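Structure first, commentary second.
The values are calculated or read from the model by the stated rules, or taken from the named source; none is laboratory data. The shown structure was predicted, so the numbers you read here are calculated from the model rather than taken from an experiment. Methodologically, a virtual Cβ is constructed for each residue, glycine included, from the backbone with ideal geometry; neighbour enumeration extends over all protein chains shown. SASA here: full protein model, heavy atoms, side chains in, ligands and nucleic acids out. Shrake-Rupley method; radii C 1.70, N 1.55, O 1.52, S 1.80 Å.
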Amino acid sequence: MLMGLTTFAIALTTTLLVTVPVRRLALQFGMVDHPNQRKIHEIPMPLLGGVAIYCGTVLAIMFSLDGQPRAQTFGILAGATLLLVTGILDDRGLLHHQVKLFVAMPLAAATLVILGVRFRILEGFAPGIVGVGADIALTMFWVVGITAACSILDHMDGLVSGVAAIASFFFAVLAFLNGQVFVGTMGAAVFGASLGFLRWNFKPAKIFMGDGGAMFLGFLMATLGLKIRPEDGTSLFSWLVPVLILGVPVFDTTLISFSRGRRGLIPFTSPGKDHTAHRLSNLGLGHRGAVLALYGLAVIFGSIALVLTRVAPVAAYALVAFVLVAGIVGIFSLENAPYERQVKLQKTS
């Protein structure tokens, strides 16, 4: 636990301090996000905040390497670095946007599989190559899905950094409670870096993390979800723990996939102001209120995940049923809330 606190402090302090010169560097080289019709900021905002998050996270993890699996650590950081660089190049307009989803994210996910960081759920039901193959496919889907979900969640000041801070906090607590020092240390590093960046990113934001920062955080949280191994409670539902801790990006992605799909749009290629936070803002909460509401939802999801690892099977079934029903009600309720409805482009002859 002491190592976790030290790691957190290093990540927090480093990110807090490094964000200032990184902001100046972004302005100097013109790495800014210009306002447009589908964005809510009104003036050009410096990007490259992901570099500050990266520095804080990596420095903190490297400090705690003693006694940790070095090969796995460097492999995880290699995948995260690939996504950071890809995101920066995309923000700069040097890459086609589909490179992120169809090349960089799958490559980062494949790195985890090669390292042995993957789900081991389905092979228990189908032993042998079929079960292993299914678990590898599920792992690829999870990593790409969570990384992409965090990328598209980055549409309001402080949203991704705050949600990442809350989620990584719960990952760290659960890991230390179960004696997973490596996972707890990584969670503490992400928690500290996210919280440090939030100081500059909460509304009114002074800097954005950019797509590189959002994908970097998403990938590390997906990795934490793969490595967390709750030993108490009902093992049948242990795989739901990371899903619950990352409930906000999972819910938001489900909502826009359902909403855009029923309007004939492709979810990940139809950006617009129709996310959960946009709808909550339009209901009267405003930007800050919507972000704070999602922080609260993230805390609720994380708390339920902790409880799920400590209760009897009957209570676990009841909790899971409650979350599913609440999620469905939430999706249909927000679908009827006011939001920007993108239209499907008509082909011209």
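Take the Cα radius of gyration of the range 190-263 and divide it by 2.2 N^0.38 Å, with N its residue count; two decimals is plenty.
Normalised Rg, Cα atoms only: 1.38.
Taking a probe of 1.4 Å, how large is the accessible area per residue of the range 127-234, in Å²? Could you put the intermediate results ahead of the total?
On the way: 2970 Å² over 108 residues.
With the other protein chains kept in place, the range 127-234 gives 28 Å² per residue.
Translational diffusion coefficient of the chain at 37 °C, 0.692 mPa s, Stokes-Einstein with Kirkwood Rh over Cα pairs, in µm²/s as a whole number. It would help to have the intermediate numbers written out before the result.
Numbers: Rh = 20.5 Å.
Rounded, D is 160 µm²/s.
I'd like the Kirkwood hydrodynamic radius of the range 242-349, using the inverse of the mean 1/r over distinct C-alpha pairs, in Å.
Working: mean 1/r = 0.0656 Å⁻¹.
So the Kirkwood estimate lands at 15.2 Å.
With runs of 4+ DSSP H residues as the only contributors, calculate the mean residue ellipticity of the chain at 222 nm using -39,500 (n - 2.57) per run, divided by the residue total and rounded to the nearest 500.
Working: 13 runs with 231 residues, N = 349.
About -22500 deg cm²/dmol.
Suppose R0 equals 22 Å; then what is the FRET efficiency for K203 and V299 from their Cβ-Cβ distance, rounded to the nearest 0.05? All intermediate terms of the calculation are to be shown ahead of the outcome.
On the way: r = 19 Å, r/R0 = 0.86.
That gives a FRET efficiency of 0.70.
Taking K and R as +1 and D and E as -1, what net charge do the other residues with C-beta under 12 Å from the C-beta of F171 add up to?
Every neighbour counted, the sum reads +2.
Counting alpha carbon pairs within less than 8 Å and at least 6 residues apart, what relative contact order, in whole percent, applies to the chain? Intermediate results must be reported in sequence, preceding the final value.
Working: 549 pairs, mean separation 76.0, N = 349.
In percent, rounded to a whole number, it is 22.
Please give me the summed charge of the neighbours of V160: other residues whose Cβ is under 12 Å from its Cβ, Lys and Arg +1, Asp and Glu -1.
Values: positive: none; negative: D154, D157, D211, D252.
With Lys, Arg at +1 and Asp, Glu at -1, the net is -4.
How big is the range 66-214 in terms of Cα radius of gyration and Dmax, in angstroms?
Rg then Dmax for the range 66-214, in Å: 16.5, 53.
Which helices, counted as full DSSP H runs in the chain, have an axial Cα extent of no less than 30 Å and a Kyte-Doolittle average of -1.0 or above? Don't skip to the end; give the middle numbers.
Working: long enough: 2-28 (39 Å, 1.30); 70-91 (31 Å, 1.00); 129-153 (35 Å, 1.96); 286-308 (33 Å, 1.70); 313-335 (33 Å, 2.09).
Helices passing the filter in the chain: 2-28, 70-91, 129-153, 286-308, 313-335.
Sort 313-323, 214-224 by the packing proxy (mean of other Cβ within 10 Å over each peptide's residues), most packed first.
Details: 313-323: 14.4, 214-224: 30.4.
Per-residue Cβ counts within 10 Å, averaged per peptide and sorted highest first, yield 214-224, 313-323.
Leaving out ligands, DNA and RNA, and with a 1.4 Å probe, what % of the accessible surface on the chain is carbon or sulfur?
Working: 10720 of 15480 Å².
Summing carbon and sulfur atoms, their accessible area is 69 percent of the total for the chain.
Would you kindly find the accessible area of K206, with a 1.4 Å probe and non-protein molecules such as ligands, DNA and RNA excluded, rounding to the nearest 10 Å²?
Only protein atoms counted, so the area is about 90 Å².
If you count only protein heavy atoms and use a 1.4 Å probe, how large is the accessible surface of H34, to the nearest 10 Å²?
Approximately 110 Å² of H34 is accessible to the 1.4 Å probe.
Can you give the extra length, in nm with one decimal, that the chain gains between V181 and L283 once fully stretched, where that is 0.36 nm per residue apart less the Cα-Cα distance?
Working: separation 102, 0.36 × 102 = 36.72 nm, distance 4.25 nm.
Contour length minus Cα-Cα distance gives 32.5 nm.
Heavy-atom accessible area of W239 with all protein chains present, probe 1.4 Å, nearest 10 Å²?
120 Å²
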